[in-house]
Each structure stands twice: as C-alpha cells, then as structure tokens.
Amino acid sequence: MQFELKRLPDYTDETLIDEIRRVAALVNHPTISRTEFQKHSRVHTSTLEKRFGCWENAMNAAGLSDRFDSSNKAVSKEDIITELQKVSSKLGVKTFSREQFNANAHFKDSVIRRVFGTWRKAMEAAGLTANKLGQRYTDEECFENLLQVWTHYGRQPQHREMNQPPSIVGPKAYTLRWETWTKALYAFVARVNDDLQSVNTSSEPESQPTTKSATILKSKTDERDSRDIRLGLRYTILNRDRFKCVRCGNSPAISFDCLLHVDHIFPFSKGGKTEIDNLRTLCQHCNLGKSNRIEVSDQPALRP
C-alpha cells in the first residue's frame, strides 16, 4: 500500500489541474459534484473556486467541461431535450428510467421535473417513450426482462442492476408485484421449473391415451413441435452453455452488443424438435450465418 500525504506539494495552476484530473479518474459518475470531488481530493473546492473564479471554470480549465454537474444551474428545455436524446443514444434505447438517466446524464432528473413539470412531458418532447414505471407489467414481461439481464451478466442479477441496461423493467416493478426482490427471483425459478417440467413430460414416450387424457397428452406432445421456445427452456439452455455462444465463445459479459439466441441444431423447418438435446446457444452473428443449414459437425448431437 502506497503512502501519500493528504496535501499537494504546491498550489500552482498546473498542480491544481492535475489534481482535478486525478480525482476525475476515480469518480465513475458522468458528472463530478463538489461533494464527490471532496471525498477524493487533496485540495478543497473553495481553493479551486478562488483560483479559477468558480467550480465550473475549474472543471473547464482541466478540460472536463463535459463532467460539470449543472443540476443547480439554469437549464433550458432545449438543453434537457438534448441531454435526454444523448442518454437515449448512449443506452441504445428509446425508453429508460429516471435512475438510468441520473447514472448517465450531466444533471439530475429533478431539473427535468422543475422545467417540464413531469418526466413524461420531457420524454415526449424529446421524441422518446416514458418508462412504464407505475404501469402494470405482466408476469411474462417481468420474467422476460429478468432473463435478458441474467443472460447479460451470466449470473443471477442483483437488485440494483435492474436499474441499468439492458434492463427495461426497474426493480420497483418486481417488489410491487412480489413484495421483495428475493420472492421475485423465486417466482422466476418456479416459472423456469414449470416450463422445463412441461417440456420433459412432452418428451416422454407416448403410451396409448385414454379418451379422457387424450387432449392433455396431445397438448404436452405439441411442445416439441412448436417453434416457440418456452422461457424456462431458453434459460436452461443458456445456463447449460454458460451464457456463451458455443461456436465463437462470445457473450454479453465480454461484448455488450452481443445478443444470444437459443438455436435449433437440426433446423425446425426441416423437422427438428424443440427439446433440450436439439437446442444450443449461438450469438446473433453465428446464428444468422448458419441460417437453416444442417452442418456435419451438428450431426452427432441429433436425436432420432
């Protein structure tokens, strides 16, 4: 552990600017407030304000004008619209939460409410879609979103990570529906197990059904003959393949823009079944390149 004095060797403009830049490298947030700066700095912000005139001038002198926290500065509607559009472009989505905005913008959502009155009005003015916070998500929407985030991290996501891309459903929606985050995770696991049980049952050898059970058995058998892959089965395949493309090894944990698909090894269009032994994880690039071709390397994995 390196020992360092909690003061600067001198207070020249160059030394102060170097200190601002050093602290900036330690702060993960897009903006640097005086309070956050003071946690890491060896010089008080008042010293910087006296030397450079104000905090904004100090940030500008260090070449960090884009990281100036303008929450307390007068901001116009045009400035807010521009910032909303910048965050939208950065996240690659048209819908995001206030928490996501605060984590990526140069001022807080409180400024937006002060100028526009509501978050929804500001989002609409920027040509974006207001987040569904407060609206009723279905169980399916919550589970699909959770699966996407789980795939992105390659592990069980944490409560706070539901505020970050690629999640589009915030953690509050889960706690409102299931009371706690832990109960929401248990509900997801129960859904996965139910889906997997349905698929396993449909894969069992068919016996001669009685008239009473014929309809039920037919619906279960149809699972294997459906192109749609149940959420639970998709999770099982992704988890089995460690949330990586089985061909190139790419994953969302390695490359943020990597999209994983659950693919039929023997193409569904050629009679392949929707069952565990005929499914695998491919990234979008490998899957699109494969199309519906049957490859020699795939043959051993096929079931009669």
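The values are calculated or read from the model by the stated rules, or taken from the named source; none is laboratory data. As the structure is a prediction and not an experimental result, all values here were calculated from the model. All Cβ positions, glycine included, derive from the backbone under ideal geometry; neighbour counts span all protein chains shown.
The residues in the stretch 40-63 that are under 16 Å from His106 (Cα atoms) and among the charged types (D, E, K, R) can be counted, and the count is 1.
Restricted to the stretch 56-72, and to residues that are modelled with pLDDT under 85 and either basic (Lys, Arg) or assigned to a helix (DSSP H, G or I) (or both), which residue is farthest from Ala25 (Cα to Cα)?
Glu56
Cβ-Cβ distances below 6 Å connect the following pairs, each with a first residue in the stretch 64-75 that is closer than 10 Å to His106 by Cβ and of a type in the set (A, V, I, L, M), a second residue that is at pLDDT 70 or above and surrounded by 12 or more Cβ atoms within 10 Å (Cβ to Cβ), and a separation of six or more residues or different chains: Val75/Val111. Looking at this structure, is Arg155 within 30 Å of Arg280 (Cβ to Cβ), basic (Lys, Arg) and assigned by TED's automatic domain parsing to the domain that holds Cys245? So Arg155 passes the test.
Just wondering, is there one or more residues in the stretch 112-133 that are surrounded by 17 or more Cβ atoms within 10 Å (Cβ to Cβ), outside any helix (DSSP H, G or I) and hydroxyl-bearing (Ser, Thr, Tyr)? Within the stretch 112-133, not a single residue is surrounded by 17 or more Cβ atoms within 10 Å (Cβ to Cβ), outside any helix (DSSP H, G or I) and hydroxyl-bearing (Ser, Thr, Tyr).
Within the stretch 155-200, the set of residues being touching an Asp or Glu at 6+ places or on another chain (Cβ under 9 Å), small (Gly, Ala, Ser) and touching a residue at least 40 places away in the same chain (Cβ under 8 Å) comprises Gly170, Ala173, Ala187. Condition check for Asn163 on (1) surrounded by 14 or more Cβ atoms within 10 Å (Cβ to Cβ); (2) in contact with a Leu (Cβ under 8 Å, 6 or more places away or on another chain); (3) assigned by TED's automatic domain parsing to the domain that holds Phe256: one failure, at (2). If you go through the stretch 172-191 and keep only what is within 10 Å of Leu146 (Cα to Cα) and of a type outside the set (Phe, Trp, Tyr), you end up with Ala184, Leu185. Restricting the stretch 206-240 to residues that are modelled with pLDDT under 50 and part of a helix (DSSP H, G or I) leaves a set whose member that is nearest to Asp194 (Cα to Cα) is Lys220. Looking across the stretch 73-95, the residues that are assigned to a loop (DSSP other than H, G, I, E, B) and more than 26 Å from the chain's Cα centre (by Cα) come down to Lys73, Ala74, Val75, Ser76. If you go through the stretch 247-277 and keep only what is assigned to a strand (DSSP E or B) and in contact with a Gly (Cβ under 9 Å, 6 or more places away or on another chain), you end up with just His264.
Scanning the stretch 238-250 for residues that are within 12 Å of Gln284 (Cβ to Cβ) and of a type in the set (S, T, N, Q) returns a single hit, Asn250.
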